[in-house]
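The values are calculated or read from the model by the stated rules, or taken from the named source; none is laboratory data. Not measured: the values here are computed from a predicted model. Using ideal geometry, Cβ is built from the backbone for each residue, glycine included, and neighbour counts are taken over all protein chains shown. The accessibility values were calculated without ligands, DNA or RNA, using every heavy atom of the protein model including side chains. Shrake-Rupley method; radii C 1.70, N 1.55, O 1.52, S 1.80 Å.
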Amino acid sequence: MSKETLTITDNRTGQTYEIPVNNDTIQAIDLRQIKVSEGDFGMMSYDPAYSNTASCKSTITFIDGDKGILLYRGYPIEQLAKRSNYLEVAYLLLYGELPSKSKYDKWVHDITHHTFIHENIKKFMDGFRYDAHPMGMLLGTVGALSTFYPEAKEIFDTRLREIQLHRLIAKLPTIAAFSYRRTVGQPYVYPDNDLSYTGNFLNMMFKMTELKYKPDPVIEKAIDVLFMLHADHEQNCSTSAMRSVGSSLPDPFSATAAAIAALYGPLHGGANEAVLNMLQQIESKDKIPEYIKRAKEGEFRLMGFGHRVYKSYDPRAKIVKQIAHEVFEVTGKNPLLDIALELERIVLEDEYFVKRKLYPNVDFYSGLIYQSMGLPTSMFTVLFAIARTAGWLAQWKEMLQDEERKISRPRQIYVGPEKRDYIPIDERA
Ligand code: SDX
């Protein structure tokens with residue numbers, strides 16, 4: 001039986017070291033014993049974007065990037081998308097099991113009865129400029145929620161922590177919708193507790209003078225499935241931000257604001273907005289070859305393609321593509337769809353992209369659907385944030401309960417100037 005260790009020989013000293021292997025991984029701290037002289041700090045591993053570094057152990061989401069597999073607590077995303085709903089998936093991510101009927105009903109009741117936000121928040125939101133980006137408003141407002149619930153700092157009080165989880169999942173759609181209404185200069189619409197989680201979001205977004213908003217069932221279902229697809233994705237950039245900020249033990253509103261900030265970037269959650277801008281810039285199918293050429297020359301990124309983990313088709317993108325056709329039956333086909341389909345066809349056949357394993361990711365088609373629903377591109381990442389809140393909170397909770405939890409504090413390789421003495425300003429060159 002081979003030993004579960006690595007034998008490392010340091011050729012600088014001729015010393016050998018036995019390093020234990022667990023889960024096909026070594027503990028980076030076990031490298032510290034490797035020194036040239038006794039006084040050395042010891043060896044570290046260097047991994048600037050953590051592309052080959054496990055930051056935690058998790059039981060929440062499993063991804064196989066080569067096989068295009070995504071499981072939430074062991075359940076395939078394809079089955080959940082077909083048979084579950086967003087609030088049930090949020091429960092699964094947070095508590096590890098699909099709820100019983102009674103637990104599900106209580107969960108829905110608890111979330112539904114936290115959808116209102118403090119009236120002062122409207123005044124706070126009215127302070128944003130008329131053209132403020134909804135993601136900036138979401139980021140600022142979620143962070144500000146920590147000032148309305150000082151008890152949220154009691155993160156190890158289970159009862160208080162649960163209430164904050166309910167508040168965040170319930171209030172993200174309300175704040176998101178208020179941000180949208182603010183940008184279009186329409187009055188805020190209050191939650192309607194008779195509607196589903198997604199139906200209520202559409203109500204707060206689009207209700208006008210009618211007494212009771214009635215969501216289109218196809219649109220309501222499509223958004224709900226999109227929320228499920230975006231709910232969690234193991235240690236992506238924004239979840240890593242949630243865990244890293246959360247490791248200094250602030251309240252969950254502050255940690256979630258940090259995660260929203262990370263998601264805002266065009267390489268991450270901002271990609272769905274960037275895809276639409278890119279398709280609009282391409283404008284017509286006959287201009288695709290020119291943009292492909294520019295992408296190959298490294299002039300710009302084909303937004304919505306490529307992934308740090310998926311080196312095959314993102315399983316979520318397949319489902320989003322199916323949803324697109326269902327939504328377009330109701331809204332009419334998005335004229336940019338033909339450009340998107342042709343771009344995908346060319347990329348999947350072109351050696352440059354095939355070699356780099358660049359496939360459409362979850363963001364490539366989702367924006368087309370949102371645009372067809374009448375959402376402005378500035379709202380696309382906001383919908384991603386609503387959905388990902390369940391995943392961020394599940395990962396945050398798991399981090400808090402992790403017996404190996406410590407404050408995140410990476411090391412560095414210092415390559416700056418050696419020690420030098422201060423020079424008074426009149427003696428400087
Ligand atoms: C999300 O992590 C997650 O799980 C994220 C997410 C989630 O659910 O949380 O899945 C959501 O963020 C999806 C990704 C959305 N982003 C985009 O669509 C933006 C465009 N994609 C890229 O910027 C890029 O693919 C990343 C950021 C997604 C991944 O980048 P990596 O893993 O750091 O890959 P890389 O930058 O090292 O690229 C490898 C090669 C490079 O070429 P070479 O230098 O080797 O010649 O592929 C090229 C890159 O230039 N490349 C692209 C490209 N993506 C990578 N070339 C053209 N267009 C692209 N989109």
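Summary table below
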quantity: Some residue of the range 307-320 being out of contact with any Ser or Thr (no Cβ under 8 Å at 6 or more places or on another chain) and either more than 16 Å from the ligand (Cβ to nearest atom) or over 24 Å from residue 78 (Cβ atoms) (or both); calculated: no
quantity: Near pairs, Cβ below 7 angstrom, 6+ apart or cross-chain, from the range 221-239 (among the small types (Gly, Ala, Ser) and near the ligand (Cβ under 8 Å from one of its atoms)) to any residue that is at pLDDT 95 or above and in a helix (DSSP H, G or I); calculated: 238/259; 238/262; 238/263; 238/388; 238/392
quantity: The one condition in (1) crowded, with 21+ Cβ neighbours inside 10 Å; (2) within 23 Å of the chain's Cα centre (by Cα) that residue 140 fails to fulfil; calculated: (1)
quantity: Residue check for residue 328: open to solvent by 10 Å² or more (accessible area, probe 1.4 Å) and in contact with a strand residue (DSSP E or B) (Cβ under 7 Å, 6 or more places away or on another chain); calculated: no
quantity: Every residue from the range 292-323 that is over 21 Å from the mean Cα position of the chain (by Cα) and either open to solvent by 20 Å² or more (accessible area, probe 1.4 Å) or small (Gly, Ala, Ser) (or both); calculated: 293, 294, 295, 296, 297, 298, 299, 300, 322
quantity: Those residues of the range 252-285 which are closer than 25 Å to residue 395 by Cβ, of a type in the set (Val, Ile, Thr) and within 14 Å of the ligand (Cβ to nearest atom), in sequence order; calculated: 260
quantity: Residue ranges of helices (runs of 4 or more DSSP H) in the range 110-205 with at least 3 members under 24 Å from residue 261 (Cβ atoms) and touching a Pro at 6+ places or on another chain (Cβ under 7 Å); calculated: 158-183
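Residues are listed down the side, and each one gets a yes or a no for (1) at pLDDT 95 or above; (2) surrounded by fewer than 24 Cβ atoms within 10 Å (Cβ to Cβ); (3) near the ligand (Cβ under 10 Å from one of its atoms):
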| site | (1), (2), (3) |
| --- | --- |
| 354 | no, yes, no |
| 358 | no, yes, yes |
| 370 | no, no, no |
| 374 | no, yes, no |
| 385 | yes, no, no |
| 388 | yes, no, yes |
| 391 | yes, no, yes |
